[in-house]
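The block underneath contains the structure these notes are about, expressed in C-alpha cells.
Read the figures in this text as sums done on the coordinates, not as results from a lab. If you're wondering where the values come from, they're calculated on a predicted model, not measured in any experiment. Please note: Cβ atoms are built from the backbone with ideal geometry, for glycine as well, and neighbour counts cover all protein chains shown.
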Amino acid sequence: MDFNDTPEEANFRKEAYDWLKANAPLKEGPKDGWRTASEEEGLKEVKVWQKKLHEAGWACMHWPKAYGGRESTPIERVIWGQEVSKFKVPGGYLEIGQGMAGPVMMMYATEEQKERYLPPMAKGEEIWCQLFSEPGAGSDLAGLKTKSVQEGDTWTINGQKIWTSGAHFSDYGILVTRSDPNAPKHKGLTYFFLDMKSPGVEVRPIKQISGGANFNEVYFTDVKIPDSQRLGAVGDGWKVSLTTLMNERLAVGDASGPDFQEAFTLARGQDLNGKLAIENDSVREKLADWYCQQSGLKFAKYRNISALSRGETPGPQSSITKVVSGNKLQEIANFGMDLLDSGGIVRSDEKDADQSMYQMGFYGAAGIRIAGGTDEILKNIISEQVLGMPQDMRADKGIPFNEIPSGNK
Amino acid sequence: MNFEFSADQMQLKDIARKFLEKEESVKRARNVLEGDSPFDEELWKQIAEMGFTATAIPEEFGGLGLGYLELCVIAEELGRSLAPTPFSSSVYLASEAILQFGSDSTKQNYLPSIASAEKIGAFAHSEANTAPTEENISCEYKDGSINGSKIAVADGDIADFFIVTARTNDEIGLFVVNSQSKGIEIKSQSTLDPSRSHASISFKNVEAEALDSGWSNVQTLLDRAAVLFSFEQLGGAEACMDMAKEYAMGRYAFGRSIASFQAIKHKLADMYIAVELARSNCYYGAWALSTNAPELATAAATCRVSASQAYHECSKENIQTHGGMGFTWEFDCHLYYRRCRQLAANIGSQSVWKDKLISSLERANQL
C-alpha cells in the first residue's frame with residue numbers, strides 16, 4: 001500500500017509534466033483556473049489548445065493512433081489528468097465528442113467514416129453533441145419518441161430532444177430515435193449520427209434555474225439523414241445507446257463547487273453568536289461529516305486507480321461519486337449561505353464574493369443530482385449491477401411501444 | 001499507485017475469514033451472549049494459535065513482526081464474525097500502549113504473553129457517563145500507586161492487567177496495573193452487548209507502573225487503536241449489508257422478491273455507499289498507521305467516524321430489511337446491532353471523534 005508511481009508511471013508523469021510546463025502556465029493557487037469572458041472566446045481557445053495537444057500526441061489518449069490518439073493505458077490517462085490539473089489550460093466543449101461519440105463511432109461506423117470523422121474530433125476541429133433525452137424520456141430514456149421513418153436510402157426525423165449540451169456550437173450529433181412504435185420499447189430504436197446544420201434542425205437554449213443556458217432543446221422537422229449514417233442495425237439503437245451511456249458514466253465525476261475546504265475556511269473566519277463559527281459544535285459536526293465524505297471519495301478514487309494500474313476495468317462502483325458529491329455540494333452550499341446569514345442570499349457583482357460561490361453551488365447541486373443519471377437511477381445501478389439485486393418489475397415489458405400508458409395523452 | 005492490500009495480505013484476510021467461519025464465530029458470539037462465560041476461551045486460544053494476537057508485535061518481544069496492514073485485515077474479519085474475545089482490548093489497546101510508551105523491560109514483561117494470549121490486557125479510561133478529558137479524569141497516581149475508579153472497561157473482568165489513565169501532578173499519564181494487585185476491586189457490568197464482557201474497577205492505593213506520560217500519548221494510543229477498531233466496524237457493517245441483501249433476495253411479498261422493490265434496493269445502495277466510503281477511509285487509516293504518517297490523527301478520526309456511521313447505518317437497516325424477523329432473538333441481526341453500539345462506545349463517541357477530526361485539521365491547517 002503506497003502512493004508512489006511504478007518506475008514506468010513515474011517516467012510517464014515526468015514526460016507529461018515537462019510538456020505541460022513548456023506549453024502552459026502553472027496555476028497560482030487552488031482557486032486559479034482557466035476562464036474566458038464568453039463561450040465564443042472559450043471555444044476558440046479550446047480549439048487552439050486541442051490542436052497543440054494533438055500535434056504533441058496528447059489528444060484523445062485512449063484512442064488508436066490511427067485516428068489521432070495515443071493508445072494510452074487507463075492509468076496513463078489518470079496520471080495525465082492529475083498533471084494537467086496543475087496547469088491553467090482550456091477545457092470543456094470536446095468531452096461529449098471525444099468521450100461518447102468517438103467510442104460509438106469506433107464500434108459502429110464504417111472504416112471510411114472513421115477516417116473522415118475521428119481525426120477532426122481528436123484535433124478539436126469539429127464539435128459533437130449527444131441527442132438522447134426528450135421531454136418525456138429522461139431516466140426512462142428508452143421511452144423516447146422522436147420518430148425516424150425510412151424511405152429507400154433516406155431517413156426522415158421528426159421530434160424533439162432536450163438537455164443537449166453544446167448543441168448550439170456543435171457540428172455533428174449522435175441521435176437515437178424510434179423507428180418502430182409497434183415494437184416493444186427497447187426493440188424499436190435506431191441510432192444515427194447527423195450534421196447539425198441539416199435543414200430542419202432547430203436549436204433553442206434552455207434557461208436554467210441559475211439563469212445560465214448550458215443546454216438546449218433541439219427540434220427536428222423533416223430532417224433527412226442518409227442510411228449510411230445509421231450506427232448499428234435498424235432496431236438495435238438501444239444496444240448502441242448503452243455503449244454511449246457506459247462511457248458517460250465514466251466521464252461524470254465530482255460535483256464542482258465549494259467543498260469541505262471552502263466551508264472550513266469560511267467557518268474559521270466567520271462570526272456566529274459572538275464567537276467564530278468553527279467553535280460552534282454543530283458546525284464542527286457538519287464539517288466532520290463532509291470531510292469524511294470527501295476523504296472517502298478521494299480514497300475510493302485511489303482504489304479505483306490502483307485497480308486500473310493492475311490492468312482492471314473500472315466497474316459501476318464509480319457511481320457512488322456523483323451521488324455523494326452532489327448531495328454534499330447541496331448541503332455545503334446551504335451551509336455557506338446560512339453562515340452568511342441574511343447576506344447569504346444577496347447577489348453580489350464582486351467576482352470572488354463568498355456568497356456567489358455558495359449560490360452557484362446551490363443551483364449547480366440541484367442540477368448535478370439529475371444530470372447523467374439521477375440519484376435514484378444511480379442507486380438502481382448500484383443495487384442491480386454491483387449488488388446483483390433484481391430489476392424492478394416493469395409495467396411496460398413486452399408491450400408494443402404505442403400501447404404503453406404515457407399519462408399525457 | 002497501489003492503494004490496495006498486497007496479495008499476501010489479502011490471502012491472510014481470506015485465511016482469517018475461513019478460520020472464523022469454520023469455528024462458527026457468530027454462533028459463539030450468541031453462546032457468550034446467552035451463557036455465563038464472559039468470553040469464548042476456546043476461540044481465543046485458537047486465535048492465538050493462528051498467531052493473530054502476535055501479528056504486529058516485533059519478533060524480539062515474542063511477536064511475528066508482521067505489520068499493521070496485516071493486523072487491519074484480521075481486525076476486519078474479527079468484526080465481520082463478531083468474535084467474542086478480548087482481541088481489541090488486548091491487541092489494539094494494551095499491546096499498543098506498552099509497545100509505544102513502555103520501557104524495554106516493560107515490553108519484555110508484557111508483550112510476549114500478549115502475543116501468546118497467555119495474558120489479557122484491557123484499557124481502563126472512562127469514569128462516568130461523559131467523555132474522559134484531560135480536565136475531568138479524576139483517577140490519581142501518586143507515590144507509585146493509583147486511587148480512583150473506572151467504568152465500562154471492556155474485558156475488565158477477565159484482564160490480567162490494565163492500562164489505566166490517571167492524573168499525576170499536572171498531566172494525565174498511562175499506567176500499567178496488575179489485576180491481582182492488592183486494593184483493586186473488579187465488578188462485572190452487564191451491557192447491551194453481553195457477547196463482550198465489561199467491568200467497573202476501583203483502585204485503592206493500587207501499585208502501578210508508569211508508561212511515558214502525557215495526554216498527547218493517550219490521544220496517540222486512541223488514534224492507533226481507532227484505525228483497528230474501524231476495521232472491525234467495517235467488517236461488521238459489510239456483514240450486515242450482505243445479510244440484508246441475502247434476506248431480501250429470498251423473501252417474497254406481493255408476489256415477488258422484496259429485493260426487486262426500489263425502497264429496498266435504494267436502502268441497500270445507501271448501505272453500499274456508506275461501506276465504500278468507510279472502506280476507503282479505513283485504507284487511509286491503515287496506510288497512516290503502518291507508516292507512522294504525520295496525518296495519523298486526521299486519518300484515524302476520519303476512518304473512525306466513517307466506519308461508525310457505516311456500521312450504524314447497516315446494522316439498523318439490516319433489521320429493517322428483515323422486518324419482524326429482524327426483531328426476533330432467534331435471528332442474528334440484533335447481535336450486530338448490539339456490537340455496533342458497543343464498538344461505537346468503546347473508545348469514544350461520534351461527537352468526540354468528530355471534534356478530534358476538526359481539531360486535527362485546524363492544527364494541520366493553521367490560519
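Pop a pseudo-label 7 angstrom from the Cα along the beta-carbon direction at both A:Gln391 and B:Glu60 and give the gap in nm to one decimal.
Placing both labels 7 Å along Cα→Cβ, they lie 6.4 nm apart.
Count neighbours as other Cβ atoms within 10 Å of each site's Cβ, and list the chymotrypsin sites (Phe, Trp or Tyr not before Pro) in region B:133-168 that are DSSP loop with at most 15 such neighbours.
Sparse-neighbourhood loop chymotrypsin sites (Phe, Trp or Tyr not before Pro): none present.
Please list 3J(HN,Hα) in residue order for region A:332-338, calculated via the Karplus relation 6.51 cos²θ - 1.76 cosθ + 1.60 where θ = phi - 60°; whole Hz, with x for glycine and proline.
5, 4, 5, 4, x, 5, 4
Picking from A:Phe193, A:Phe132, A:Phe87, which is most flexible by a Gaussian network model of chain A using Cα springs under 10 Å?
A:Phe87
Treating only the Cβ atoms of Lys and Arg (+1) and Asp and Glu (-1) as charged, compute the dipole magnitude of the protein assembly as shown about its Cα centre; round to the nearest 20 debye.
Charge dipole, the protein assembly as shown, about its Cα centre: 1880 debye, nearest 20.
Between A:Met393, A:Met196, A:Met106, find the one with the highest GNM mean-square fluctuation for chain A; connect C-alpha pairs within less than 10 Å.
Checking each option, the largest mean-square fluctuation is seen for A:Met393.
Give a quick list of trypsin sites (Lys or Arg not before Pro) in region B:182-216 that DSSP marks as loop, anything other than H, G, I, E or B, with at most 16 other Cβ atoms within 10 Å.
Sites meeting the loop and neighbour criteria: B:Lys182.
Report ³J(HN,Hα) in whole Hz for each residue of region B:311-322, in order, from the Karplus equation J = 6.51 cos²θ - 1.76 cosθ + 1.60 where θ = phi - 60°; Gly and Pro get x.
Working through the residues one at a time gives 5, 4, 4, 6, 6, 6, 6, 5, 4, 4, 5, 6 Hz.
Rounded to the nearest 500, what is the 222 nm mean residue ellipticity of the protein assembly as shown from helices alone, with -39500 (n - 2.57) per DSSP H run of 4+ residues and division by all residues?
-15000 deg cm²/dmol
Please give the charge dipole size of region B:7-115, origin at the Cα centre, charges +1 on K and R Cβ atoms and -1 on D and E Cβ atoms. Round to the nearest 20 debye.
Value, rounded to 20: 200 debye.
Restricting to chain A, compute how many DSSP beta bridges are antiparallel as a %, nearest 5.
That works out to approximately 85 percent antiparallel.
Taking springs between alpha-carbon atoms closer than 10 angstrom, which of A:Asn304, A:Asn11, A:Asn334 fluctuates most in the Gaussian network model of chain A?
A:Asn11
So who's got an amide H within less than 5 Å of the one on A:Trp155, skipping anything under 5 residues away but keeping other chains? H placed 1.01 Å off N, in plane.
Distant-sequence amide H within range of A:Trp155: A:Ile225, A:Asp227.
For the cross-link pairs A:Lys114/A:Lys145; B:Lys22/B:Lys119; A:Lys145/A:Lys207; A:Lys27/B:Lys265; A:Lys328/B:Lys265, which exceed 32 Å when the distance is taken from alpha carbon to alpha carbon?
Checking Cα-Cα distances, A:Lys27/B:Lys265 exceed 32 Å.
Please state, as a whole number in µm²/s, the translational diffusion coefficient that the Stokes-Einstein equation yields for the protein assembly as shown at 20 °C and 1.002 mPa s, with Rh defined as the Kirkwood radius across alpha carbon pairs.
Reported coefficient: 73 µm²/s.
Nearest 10 degrees is fine. How inclined is helix B:68-80 to the longest principal axis of chain B, computing both from alpha carbons?
Once rounded, the angle reads 50 degrees.
Nearest 10 degrees, 0 to 90: what angle lies between the long axis of helix B:350-364 and the longest principal axis of chain B (Cα atoms)?
Long axis of B:350-364 versus the principal axis of chain B: about 70 degrees.
Please work out the FRET efficiency for the pair B:Ser351 and A:Phe3, using the Cβ-Cβ distance as r and a Förster radius of 45 Å; give the result to the nearest 0.05.
0.90
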